[in-house]
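A short write-up of the structure that comes next.
The values are calculated or read from the model by the stated rules, or taken from the named source; none is laboratory data. Since the structure is predicted, the reported quantities are computational estimates derived from the model, not experimental observations. Neighbour counts are summed over all protein chains in view; Cβ atoms, including those assigned to glycine, are modelled from backbone coordinates with ideal geometry.
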Amino acid sequence: MNEVTARPAGVRSSHRRPAKRRSLVGWLFVLPALAFYAVFVLRPIALTFQYSLYEWDGIGPSTWAGPANYGKVFTDPDLFDSLVNAFQLIVFFSAVPVALGLAAAATIRRIAASRLALVARTVLFLPQVIPLVAAGIAWSWLLASTGVINQLLELVGLGGITRAWLGDFSTALPAVGMIGAWVLLGLCTLLLLAGMSKIDPSLYEAARLDGAGAWREFVSITVPSLRQEIAVCVTVTVIAALASFDIIYISTQGGPGNTTMVPGLQIYYLAFSEREVGTASALAMVLMVLVIACAFPIQWFAKDGER
């Protein structure tokens, strides 16, 4: 009995050694990526948090400020309004492209065998290839007071509503939001199209046999089957809205007034123009927390739906 019981223990111990070696080898492969991540991601975050606790102009000596910089983020109207503007942009950067992307993907899927589907995919994805700086410049021309948009409105008899869309206090933020929606629409459409390709066609056939129309198929089969893809689209677009910078910097530079000022642009101005590195760092930390706070529930909702 002793020999019989001793043998499995020896076998188990011999199996553990290769497993430990494989684990060690795996960690050795991962180590360069972890080191890169620690140096270029975790260390800058730690330094930003450290700077956020000081009053510093980026050159001279710093003085301890504690949480005062964080208090300024929420009490200074200009800083707080930039956060509000970023959340308003979520409607344009996220809700609009995801909703239109669903409609476009469903339409392209129905005409997948035609050449028009290939053309539509290419045209919709084109904004992802164009540099955002070039896109911002092009849209600035289009939305100018003498731009193509106003010329078309005058051509159809709507000259009374023409204006400098990016220079008007009431339309600047929605105009910037529509530029962002245009940029992100193609990405959302292709992600959702990829998700639709994995849906079992027999589900649609069964729905048609039961008398379901196109809308019922879309609501009952397509949308529930795209839970993961929709979550990815929403996560990416929400982060793009909260961390927006380049399109706004090129098209409006935060104006008119501060109507299109967003945290990314405000951080840039605070750090490099006003030399308030501590306040800029505090706003950056608040922005990072907001991004994480918005992204985690979306991912949790997507995973919870799979159970």
*What number of residues within the stretch 276-306 satisfy the criterion of being hydrophobic (A, V, I, L, M, F, W, C) and touching a strand residue (DSSP E or B) at 6+ places or on another chain (Cβ under 9 Å)?*
1
*Taking Ala280 as the residue in question, decide whether it is assigned to a helix (DSSP H, G or I), out of contact with any Pro (no Cβ under 9 Å at 6 or more places or on another chain), farther than 16 Å from Asp78 by Cα and not β-branched (Val, Ile, Thr).*
no
*Identify all residues within the stretch 192-207 that are in a helix (DSSP H, G or I) and out of contact with any helix residue (DSSP H, G or I) (no Cβ under 8 Å at 6 or more places or on another chain); write none if there are none.*
Pro201, Ser202, Glu205, Ala206
*Scan the stretch 73-92 and give yes if some residue there is farther than 17 Å from Pro263 by Cβ and without any contact (Cβ under 8 Å) to a residue 12 or more places away in the chain, otherwise no.*
no
*Neighbours by Cβ (under 9 Å, 6+ apart or cross-chain): first from the stretch 149-174, under 25 Å from Leu89 (Cβ atoms); second surrounded by 11 or more Cβ atoms within 10 Å (Cβ to Cβ) and acidic (Asp, Glu)*: Thr162/Glu154
*Is there any pair with a first residue in the stretch 208-236 that is under 18 Å from Gly101 (Cβ atoms) and a second that is β-branched (Val, Ile, Thr) and not in a helix (DSSP H, G or I) whose Cβ atoms are under 9 Å apart and which are 6 or more apart or on different chains, and what are they?*
Ile221/Ile199; Thr222/Ile199; Ser225/Ile199; Leu226/Ile199
*Counted residues, the stretch 93-122 - those being among the aliphatic types (A, V, I, L, M) and either touching a residue at least 24 places away in the same chain (Cβ under 8 Å) or crowded, with 20+ Cβ neighbours inside 10 Å (or both)*: 8
*Taking only the stretch 46-82 into account, find how many residues are hydrophobic (A, V, I, L, M, F, W, C) and under 25 Å from Ala241 (Cβ atoms).*
5
*Any chance the stretch 86-101 includes a residue that's more than 30 Å from Val286 (Cα to Cα) and either among the small types (Gly, Ala, Ser) or not in a helix (DSSP H, G or I) (or both)?*
yes
*Among the residues of the stretch 278-307 satisfying the criterion of being polar (S, T, N, Q) and surrounded by 18 or more Cβ atoms within 10 Å (Cβ to Cβ), which is nearest to Gly71 (Cα to Cα)?*
Thr279
*Of the residues Leu79, Leu42, Leu47, Leu34, which is modelled with pLDDT of 90 or more, within 30 Å of Ala172 (Cα to Cα) and surrounded by 10 or more Cβ atoms within 10 Å (Cβ to Cβ)?*
Leu79
*Does Ala243 satisfy being more than 19 Å from the chain's Cα centre (by Cα) and farther than 14 Å from Leu102 by Cβ?*
no
*Considering residues of the stretch 265-277 that are touching a residue at least 60 places away in the same chain (Cβ under 8 Å) and either exposed (fewer than 15 other Cβ atoms within 10 Å of the Cβ) or of a type outside the set (Asp, Glu) (or both) only, the residue farthest from Trp56 (Cα to Cα)*: Leu265
*Residue match in the stretch 74-83 (condition: touching a Phe, Trp or Tyr at 6+ places or on another chain (Cβ under 8 Å) and part of a helix (DSSP H, G or I))*: yes
*Only one residue in Thr146, Thr189, Thr222 is of a type in the set (Ser, Thr, Tyr) and either touching a Lys or Arg at 6+ places or on another chain (Cβ under 7 Å) or not in a helix (DSSP H, G or I) (or both), so which one is that?*
Thr146
